[in-house]
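Any read-out appearing in this document is the output of simple, stated calculations on the displayed coordinates, not a laboratory observation. Owing to the predicted nature of the structure, the values given are computational and were not obtained by experimental measurement. Methodologically, a virtual Cβ is constructed for each residue, glycine included, from the backbone with ideal geometry; neighbour enumeration extends over all protein chains shown.
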Amino acid sequence: MIRATINNVEIEVPEGTTILWAAKKAGFTIPTLCNHPDLPPGGQCGICVVEIEGLPGLKRACMTPIGEGFKIKTHTPRIQATRRQLVELILSDHDTSCLTCVKNNNCELQQLAATVGINTVDYKNESRKKHPIDHSSVAIVRDPNKCILCGRCLTVCSQVQTVNALAVNHRGSETLISTAFDAGLGNSVCINCGQCVVHCPVGALYERSATEEVWEALHDPDKFVVVQEAPAVRVMLGEEFGMPVGTLVSGKMHAALRRMGFDAVLDTNFAADLTIMEEGTELISRLTSGKNLPLITSCSPGWIKFMETFFHDMIPHMSTAKSPQQMFGALAKTYYAKEKGIDPAKIVSVSIMPCTAKKFECLRPEMNASGYRDVDYVLTSREIGRMMREAGIDMNEMPDEHADPILGEYTGAATIFGATGGVMEAAVRSAYALVTGKELEDVEITPVRGLKGIKEAEIDIEGTKVKVAVAHSCGHARALLEKVQDQMRKDGKSEYQFIEVMACPGGCVGGGGQSWGSNMAKRARRGESLYAEDRSLPMRRSHENPEVQAAYEKFLEKPNSEKAHKLLHTHYFKRSAVDGKILPG
Amino acid sequence: MSEEKQCQCAEIQEEELYPRLEEVINQHRGKGEDLIMVLHKAQNLFGYLPRRAQEMVAEGLNVSLNEVYGVITFYNFFSTVPQGRNSVKICLGTACYVRGSQEVLDKAQKELGIKVGGTTEDRRYSLDVVRCIGACGLAPAMLVNEDVYGRVKSPHLVDILKKYE
């Protein structure tokens, strides 16, 4: 333990604690800008400087471990003047059109300017270069004029996700965080995961919005607008209305969407149960044939593009089952339209997702199994939060309501899709029953839960041992798959039979479409909340879902039937590691 | 770009250089820490760093393409455009600047139809600025290849450039 004083308050902290965290313990918040609790400190911005008695100059609190006997001052006039000067310099080179910025009221630079007491900017930069906004991606917009070069986006892109779509290019006053050849995110290896978006402190990165298009559809009397909501949305949306992190608002969410004017409020969770039927059946057939093992899950579109770009040899291992969003889309304009007697051409299919990559997924050319665009518009959780506020809806005041039939019922197995390990757990619950004809007594498969990067478990299906692994964030997925590649090279097979991958840290609860200022602590709380909903539901196994059973009976025949294959399964492409485009052949 | 394509001889020559780049990369395969050295050698080979060479270096050294691009765009030494046969460098050091070298530069950009860092389509000239060439007594000064010109006034510029084919 190290003893030191911060502003005359004595503290005792473990060795290696940074001054920033030690100060927090002593009750002082040192302002920061580039620092993020989940990322290694970079020391770019210099806002967190402090004085240490006897040492020359100012030290960056985020990077300086506290030393024995340090006497630290965090808010002297010299420090305050330095901080103000730094913020003024950043502001002199920043597009300060705050009122029209997507980050207005959620911007860390705005808050910092208020915290350090900026009331004038003495530096004028008349020659500030106006950069073009990068609109090349269908999922993410990048505005370099708002960028403060803190580097959080590229740290998460390179170190956490190992995608390396972003880097610091050019130099001096020309420095720009951009893609290779400045070709734009849409012409790069970017997987659209949106982790850069949720880590950006300012408004330099945000989703390509579809709110205008959805408003238009809602106000068009000729359109029948259906909406589906992903599992992870229901444990985040409350935050948009000031509720504690992780508050479960399934019922209130359905009520709010109904009041916004959606013609049918359905639920992606229905399609998650359906996914389990398809993927579980696929797992059993692969286990039986022994071909293309391990089977790898395919629900996360960021992960899909990552695999298509960096792991061409894993394509045969991917589950061909579409993601729940796309299964839902394919059924909405076929089965649902037929049962409800609605012309599918009039259906506008909207999905609410914790994800930016879903915007890319819905536009993939092959996602038109219904004969129409299966999903027309994807809104992130943030966008629907904005739209609800625009519509004057307060989530806090909503009653609890159910989703509409016949694509609205769901089990606990579906709702845990939103947390890392959830798809695996749901699949095992049903695969066990499909193989043995008996039900798992204890449906909770705890080894695959939690935020450890790579989790493993061995499942005993009446004597057949199935080794499974779960990875979340693409960096962990890369490590796991390299291990699988190694094993296959050496032994011709992998120790694993089934692998779940989610592109984002924590799974969908930590997706790139979730609220600003996401961090691991929040992701954990949202995940716990999903497991709590699972425990509270009367049905916890996907194959028990009566609406899923009805869909097979009336329309799809049986899992992996020809019809199911046409509507609910897909294929993948090899992509270039230079620009992410589909390779010929 | 289409202009460049017309010059068949240059295309073919560049094509022939890629196997040699491959040899260079082979000596550093998988060693990301050798990036700058390899880029240096690649630039000596091609005279600049064509996009395909950048892609080969990234793949060969197992670094991301973006890291390669970041390094290239950081260091002035590296160029992503082909260099002209004649290198025109205008001094913007303090002495030259106060004696009007900005005017000379403006004129050069206008005459050649290119910006600083660019190369004319016929690859006759490349234009760059330098900060002091030690000829302050002759300000404003400029360099064409190894030749130093002093007390350059913009009207002289055309005559100077004409000498170089």
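Look at the Cα gyration tensor of segment A:89-143: its axes a ≥ b ≥ c give a/c of at least 1.5 with a/b at or below b/c, and that counts as oblate. Electrostatic tally near A:Lys322: other residues with Cβ closer than 13 Å to its Cβ, Lys and Arg +1, Asp and Glu -1, net -3.
Taking only C-alpha pairs under 8 Å that are 6+ residues apart, what is the relative contact order of segment A:324-475 in percent?
RCO, segment A:324-475: 15 percent.
Label-to-label distance for B:Asp106 and A:Lys24 is 5.5 nm, based on points extended 7 Å past Cα in the beta-carbon direction.
Under the 0.36 nm per residue contour assumption, what length would be gained going from the current alpha-carbon distance of A:Ala345 and A:Lys490 to full extension? The span from A:Ala345 to A:Lys490 would gain 47.0 nm if fully extended.
Here's the list of lysines a cross-link from A:Lys73 could span, going by alpha-carbon distance under 26 Å and ignoring same-chain residues fewer than 8 apart: A:Lys24, A:Lys25, A:Lys59.
Between A:Val378 and A:Ser351, the built amide H atoms are under 5 Å apart, and every one of these is 5 or more places off in sequence or on another chain. Label separation (A:Glu482 vs B:Arg52): 3.0 nm, computed from points 7 Å beyond Cα along the C-beta direction. Across segment A:97-108, coupling constants 3J(HN,Hα) worked out from phi with the 6.51/-1.76/1.60 Karplus curve, θ = phi - 60°, read 8, 4, 5, 9, 8, 4, 8, 3, 6, 10, 8, 6 Hz, and Gly and Pro carry x. Loop-located trypsin sites (Lys or Arg not before Pro) across segment A:223-280 with a Cβ neighbour count of 14 or fewer within 10 Å are lacking, with loop assigned by DSSP. Any chance you could give the angle, 0 to 90 degrees and rounded to 10, that helix A:77-92 forms with the longest Cα principal axis of chain A? Its long axis makes an angle of about 50 degrees. For chain A, the longest principal axis of the alpha carbon atoms and the long axis of helix A:250-260 meet at an angle near 90°. A simple count of charges around A:Ile454, restricted to other residues whose Cβ falls under 12 Å of its Cβ and scoring Lys, Arg +1 and Asp, Glu -1, yields +1.
Here's how it looks for A:Thr356: its modeled amide H is under 5 Å from those of A:Gly512, A:Gly513, which are all 5 or more places away or on a different chain.
Can you work out the PRE-style zone for A:Leu363? Point 7 Å along Cα to Cβ, and I want the residues of segment A:548-585 with backbone N under 15 Å. The answer is A:580-582. Residue by residue, segment B:42-59 carries 3J(HN,Hα) couplings of 4, 5, 4, 6, 9, x, 6, 10, x, 4, 5, 5, 4, 5, 5, 5, 4, 5 Hz when phi is fed to the Karplus relation 6.51 cos²θ - 1.76 cosθ + 1.60 (θ = phi - 60°); x denotes Gly or Pro.
If each residue's Cβ is checked for other Cβ atoms within 10 Å, how do A:Val87, A:Val163 rank with the fewest at the top? Spell out each step's value before the answer.
On the way: A:Val87 23, A:Val163 30.
Ascending number of Cβ neighbours within 10 Å: A:Val87, A:Val163.
In loop segments of segment B:75-107 as defined by DSSP, the chymotrypsin sites (Phe, Trp or Tyr not before Pro) with at most 10 further C-beta atoms inside 10 Å of their C-beta are B:Phe77. Using only side-chain charges placed at the Cβ, +1 for Lys and Arg and -1 for Asp and Glu, the dipole size of chain A relative to its Cα centre rounds to 1480 debye.
Percent relative contact order of chain A, based on C-alpha pairs within less than 8 angstrom and at least six residues apart?
Dividing the mean separation by the residue count of chain A yields 16 percent.
Neighbour counts of other Cβ atoms within 10 Å put A:Arg541, A:Arg171 in the fewest-to-most order A:Arg171, A:Arg541. In this structure, the amide hydrogen of A:Glu207, modeled 1.01 Å from its nitrogen in the peptide plane, lies closer than 5 angstrom to those of A:Val141, counting only residues at least 5 positions away or on a different chain. Under 17 Å of direct C-alpha separation, and excluding same-chain neighbours fewer than eight residues apart, A:Lys223 reaches these lysines: A:Lys333, A:Lys338, A:Lys340, A:Lys346.
When the square roots of the Cα gyration tensor eigenvalues are ordered a ≥ b ≥ c, the ratio a/c for segment A:26-95 is 1.5 or more and a/b does not exceed b/c, which makes its shape oblate.
Site-free segments of chain A were taken between GluC sites (Glu not before Pro) in DSSP loops having at most 10 other Cβ atoms within 10 Å, sites themselves excluded; the longest one is A:127-440.
Can you check how the C-alpha radius of gyration of segment B:86-162 compares to 2.2 N^0.38 Å, as a plain ratio?
My calculation over the Cα atoms of segment B:86-162 gives 0.97.
With neighbour counts taken as other beta-carbon atoms within 10 Å, the residues A:Cys362, A:Cys101, A:Cys48, A:Cys355 rank, fewest first, as A:Cys101, A:Cys362, A:Cys48, A:Cys355.
In loop segments of segment A:274-357 as defined by DSSP, the trypsin sites (Lys or Arg not before Pro) with at most 14 further C-beta atoms inside 10 Å of their C-beta are A:Lys291.
Think of each Lys and Arg Cβ as +1 and each Asp and Glu Cβ as -1; about the Cα centre, that makes the dipole of chain B roughly 740 debye.
If you take the square roots of the eigenvalues of the alpha-carbon gyration tensor of segment A:21-167 and sort them as a ≥ b ≥ c, do you get rounded (a/c under 1.5), prolate (a/b over b/c) or oblate? It is oblate, given that a/c is not under 1.5 and a/b is not larger than b/c.
Rounded to whole numbers, the Karplus 3J(HN,Hα) couplings from phi for segment B:21-34 are 4, 4, 4, 4, 4, 4, 6, 10, 3, x, 9, x, 5, 8 Hz, using 6.51 cos²θ - 1.76 cosθ + 1.60 with θ = phi - 60°, and x at Gly and Pro. Between A:Lys563 and A:Asp460, residue separation times 0.36 nm minus the direct Cα-Cα distance comes to 33.9 nm. Rounded to 0.05, the FRET efficiency of the A:Arg389 and A:Gln111 pair, given R0 = 25 Å and the Cβ-Cβ distance, is 0.80.
Between A:Ser136 and A:Asp220, 0.36 nm times their residue separation minus their Cα-Cα distance comes to what? Full-extension gain reported as 27.3 nm.
Solvent-free Debye calculation, one equal scatterer per alpha-carbon of segment A:229-355: log10 I(q)/I(0) at 0.12, 0.17, 0.21 Å⁻¹ equals -0.60, -1.00, -1.19. Of all the Cα-Cα pairs you can form in chain A, what percent are over 49 Å apart? Counting every Cα pair in chain A, those more than 49 Å apart make up 13 percent.
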